[in-house]
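Step one of this worksheet: look at the structure below.
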Amino acid sequence: MQLCAFLLLSLALALRLASPMPQPDINGTEEWKDISDINKGLNLREGDIMVPNQRSAILGNQFRWDIPVPYELSVNLSMNYKGVILRAFEQFRLKSCIDFKPRATEVNYISVESREGCSSYVGRTFPGPQTLSIGNGCGIKAIVEHEFLHALGFRHEQSRYDRDDYLTIKFENIIKGQEQNFNKYSEDVTTTQGTPYDYYSVMHYGKNDFTNGNGPTIITKLPEFQNVIGQRLDISEYDSIELNKLYKCNSSISFLDHCSFDDESLCQMSVCSAVDYGWQRVKSVSGIDVTDHTYLSKEQSGTSFFMHFSTEGRKEGDTARMESKTMTPKRDCKVQCLQFYYYHSGSESDQLNIWIREYQNEADNKGTLRLMDQIIELPNYWKLHHVSLNANKTFQVVFEARKGAGNSSGGFSLDDINISETECPHTWQIKDFSRESSIHYSPLYYSSDGYRFQAALEVDQNYLYMYVHLVSGAYDDQLQWPCPWRQITFQMLDQNPHMQKRMSLEQSITTDPALTSPNGLYYWDNPGNNGTRVTISNETVYVGTFSIYPYLIIKDDLTRREFIKGGDIIFLFSMQDISGLLQKDSLPCSKMTVKNFNITPDASSQQGPCAPRALPTPHQTNSTTTPETTVGGCLDIFCHSSAKTVYSMILLVFCFLVN
């Protein structure tokens, strides 16, 4: 059925290829279904919870998994779903201490299968393989996260004992026979892990879940959250906090650093300059219409800052440096991504050079500088920028502003820096985004292995639609065709300044080399063979048929998070080779292309860092660990300290009577 729908959609899109630039068609898209709709008729507890045979259930502390959690991906999962599952794992690694590994010889592991619907047990429930279903319609990152949070020990947010303080359950609007799905757990046997009620939790029901059609089943007592509950964007901030508390940790697998410069400590960054007045922490810049990016277009409590280096009145070659704290890569794949916002108001010849200073060992107090990127663009607005890094050892990021030739009346501004052990995406920032009906085309992007692609965004009265197609490129004669098993993911970026707090919308599609159109042509073939000839940015290229992402974006949802900030909307794109999932349950480390620059560090930077080197952050091992007992040795995340006392008393009385 999915294949037929895809082919019909492809035909509908192909019929419009006569125009110079193929016009997307919206046929075939749909509003995504939530778990309660996907699982309709399956009679699962609370809509998606599988119930074990109680005789084989494990009680107490053993419900939690060893970290990293072993898993297997069933052969009946689609390639696209396998890739989505791995992307969900990356979010757990970014936002929590939870990691996953392909099963080797472990007896207890999660078996991810494509059964009917989306479902999981709560916690590690019994010995051996434990099924988690990602069935048809469940291949959305947030739904995968939801089911894995069940497996890790979470129940639904509205099951909390204190839920009646925050919402009202409209039992008269619930489908007859489904009322038990809205049960709550008493305070004697549940805990909130000390976190506030979370309307944003990815574990929360939506307002219309299990409705009989007479109205919403849940009414939030704060009306502004009525359309928030049931979000299927990403793990929320408090979901992450609860998860770390449950597993007795407060670290992250892949996150390294963040700074918005609102703290006078500069997040342990240091500044130095061979001239007076180097990088300055400021609230605004005189003569330039720029304020900080963190609270751009938002009301704020208190004062917010950003960093600025003025090139006005400087001599050519004058430099100023700002250096991060030292960081040590923890993951096996030595790939990092630096992201930040910058505002360039100076001369076109001014430079912002991004270096890394890498230390060979603890005795090395100077380090070795390598230039990773250079910015000479002149956007008079806050622009998001990503820099791929490949540090193998303890390192620092060095921001070097350098005055170029000519006059300047501005300089460089930096804000909202994030560093993680992840791959960098491509960035498409649409300035002054309008909600009026329109079609936008992205720049042309290359994947890390040489395939070229382009995205299109269509805006109509109520929805946004995203498309992607292949474009002829410089490496086509070296590539395999039809394009095999590349997952193309777009992310509508939640522009929260801290990457761990973001809840971005994400969708993926994967190229199938065997997929053919009704006229027998390979759908993902080399565009030079059967594509349409067009001109893009003064370059003549051939483009393939647009493929539409399956779920539309509701325009009203743009206000749920910081999807539009300062008038701009940002989309991130990646095209990843997931062909390795045909044989294995994980992917090899990606290859990073290193840029070459003919620039020599200035003399002062070669002498060593701005501040004496501190001891590096201790290496975090990712070996298998068994979590310590939480309060009460609970079967899931809900357990209260008083429960331990009650259960102990019952056990003592029982033993006394037996004896």
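Conditions tested, residue by residue: (1) of a type in the set (A, V, I, L, M, F, W, C); (2) within 22 Å of Lys584 (Cα to Cα); (3) modelled with pLDDT of 95 or more.
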| residue | (1), (2), (3) |
| --- | --- |
| Val69 | yes, yes, yes |
| Ser78 | no, yes, yes |
| Tyr109 | no, yes, yes |
| Glu113 | no, yes, yes |
| Cys118 | yes, no, yes |
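Residue under question is Lys221, and the condition is that it be in contact (Cβ under 8 Å) with a residue 40 or more places away in the chain and in contact with a Leu (Cβ under 8 Å, 6 or more places away or on another chain); does it hold? It is true that Lys221 is in contact (Cβ under 8 Å) with a residue 40 or more places away in the chain and in contact with a Leu (Cβ under 8 Å, 6 or more places away or on another chain). Scanning segment 125-162 for residues that are touching a Lys or Arg at 6+ places or on another chain (Cβ under 7 Å), basic (Lys, Arg) and modelled with pLDDT under 95 returns a single hit, Arg160.
Could you say which residue among Gly206, Gly177, Gly194, Gly215 is free of Cβ contacts under 8 Å to residues at least 24 places away in the same chain, among the small types (Gly, Ala, Ser) and assigned to a loop (DSSP other than H, G, I, E, B)? Being free of Cβ contacts under 8 Å to residues at least 24 places away in the same chain, among the small types (Gly, Ala, Ser) and assigned to a loop (DSSP other than H, G, I, E, B) holds for just one of Gly206, Gly177, Gly194, Gly215, which is Gly177. Within segment 506-541, the set of residues being closer than 15 Å to Gln487 by Cα, part of a loop (DSSP other than H, G, I, E, B), touching a strand residue (DSSP E or B) at 6+ places or on another chain (Cβ under 8 Å) and touching a residue at least 60 places away in the same chain (Cβ under 8 Å) comprises Leu515, Tyr523.
Applying the criterion of being free of Cβ contacts under 8 Å to residues at least 24 places away in the same chain and among the acidic types (Asp, Glu) to the residues of segment 230-267, the residue that is surrounded by the most Cβ atoms within 10 Å (Cβ to Cβ) is Asp263.
List the strands (runs of 3 or more DSSP E) that sit entirely inside segment 283-335 and contain at least 1 residues that are farther than 27 Å from Arg357 by Cα.
Passing ranges, in order: 288-291.
Among the residues of segment 365-397, those identified as over 25 Å from the mean Cα position of the chain (by Cα), touching a residue at least 60 places away in the same chain (Cβ under 8 Å) and assigned to a strand (DSSP E or B) are Leu369, Leu371, Gln374.
In the set Gly473, Gly450, Gly411, Gly406, only one residue is touching a Phe, Trp or Tyr at 6+ places or on another chain (Cβ under 7 Å) and modelled with pLDDT under 95; that residue is Gly411.
Looking at this structure, is Gln500 assigned to a helix (DSSP H, G or I), surrounded by fewer than 20 Cβ atoms within 10 Å (Cβ to Cβ), on the phi < 0 side of the Ramachandran plot and not charged (D, E, K, R)? So Gln500 passes the test. Of Val189, Val202, all but one fail to be modelled with pLDDT under 95 and buried (at least 18 other Cβ atoms within 10 Å of the Cβ); the exception is Val189. Candidates in segment 210-229 are the residues that are among the polar types (S, T, N, Q) and touching a strand residue (DSSP E or B) at 6+ places or on another chain (Cβ under 6 Å); of these, the one that is surrounded by the most Cβ atoms within 10 Å (Cβ to Cβ) is Thr217.
Which count do you get for residues in segment 439-448 that are assigned to a loop (DSSP other than H, G, I, E, B) and touching a strand residue (DSSP E or B) at 6+ places or on another chain (Cβ under 6 Å)?
Number of matching residues: 3.
Please tell me if Ala474 is touching a strand residue (DSSP E or B) at 6+ places or on another chain (Cβ under 9 Å) and crowded, with 21+ Cβ neighbours inside 10 Å. Answer is no for this residue.
Taken over segment 565-577, the criterion of being of a type in the set (A, V, I, L, M) and either surrounded by fewer than 21 Cβ atoms within 10 Å (Cβ to Cβ) or within 24 Å of Asp432 (Cα to Cα) (or both) is satisfied by Ile569, Ile570, Leu572.
The values are calculated or read from the model by the stated rules, or taken from the named source; none is laboratory data. From a predicted model like this one, the values you see are computed outputs, not experimental measurements. Every residue, glycine among them, receives a Cβ derived from its backbone with ideal geometry; neighbour counts consider all protein chains shown.
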